[in-house]
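Written below as structure tokens is the structure these notes are about.
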Amino acid sequence: MKNKEYIISALHKLYRRDPWINELFNAAGVNMDKLSEYLDEIFGNNYFDTATESKLRRFEAEADIVYPKGSTIPNRRSTLRAKWVGSGKATLALLQSVADSWENGLVTLSFEKGKIHVTFNSPVGVPDDLDGLEKALGTVKPAHLAIYYTFLYYTWQRYKDSFTWQQVNEMTWNGVRNKEDLSHG
């Protein structure tokens, strides 16, 4: 409900159809609607995941972040969030929070034999901006530590005991994955 209708509905029913009252609230209602939209935008700009592009540019300027042309807003938000959470003592938990800034991540970090091991566990794949994630982790991690990546891939070996070739021929790859995940889930 628009502000004008809300205010008029709060009046006594004798005044609701009065032309003078309606004109008065027309003028005030339009301004209140604009104010309401402006307040929603201000509230949304408090968070990285809902910030407008102009607010993102201000955050990026403050954080000294420069993006290549064509970077999407979700990737820019992920990089900004990673920069924000990536300040402090470089611990595995801090590196994990940087990796968690990216959507489609399901990333697990561990420290193995003097190296940082990044494992992508998502069946959906890796984050869209993998280069941005690598750069953010490289910025936060101690310079003397190596980092290596492991990617999860679904192969026929994983499914060969669950389905026959005849069943697989009748499904899509996503169908095979989804059915197998449900049956072992």
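Observations on the model:
- Sites Asn46 and Lys69, calculated FRET efficiency, Cβ-Cβ separation with R0 30 Å, nearest 0.05: 0.60
- Lys/Arg +1, Asp/Glu -1 at C-beta; the stretch 3-44 dipole; positive extreme among Phe43, Trp20, Met32: Trp20
- Amide H to amide H, with H built 1.01 Å from N, Ile116 comes under 5 Å of Ala146, Ile147, Tyr148, counting only residues 5 or more places away or on other chains.
- Cβ-Cβ FRET estimate between Thr172 and Trp20, R0 fixed at 45 Å, reported to 0.05: 0.10
- Stretchable slack from Lys115 to Leu145, in nm (0.36 nm times residue separation minus alpha-carbon distance): 10.2 nm
No value in this document is a laboratory result; all are computed from the given coordinates. Computed from a prediction, not measured in an experiment: that's the story for all the values here. A quick note on method: Cβ atoms are made from the backbone with ideal geometry, for glycine too, and the neighbour counts reach across all protein chains shown.
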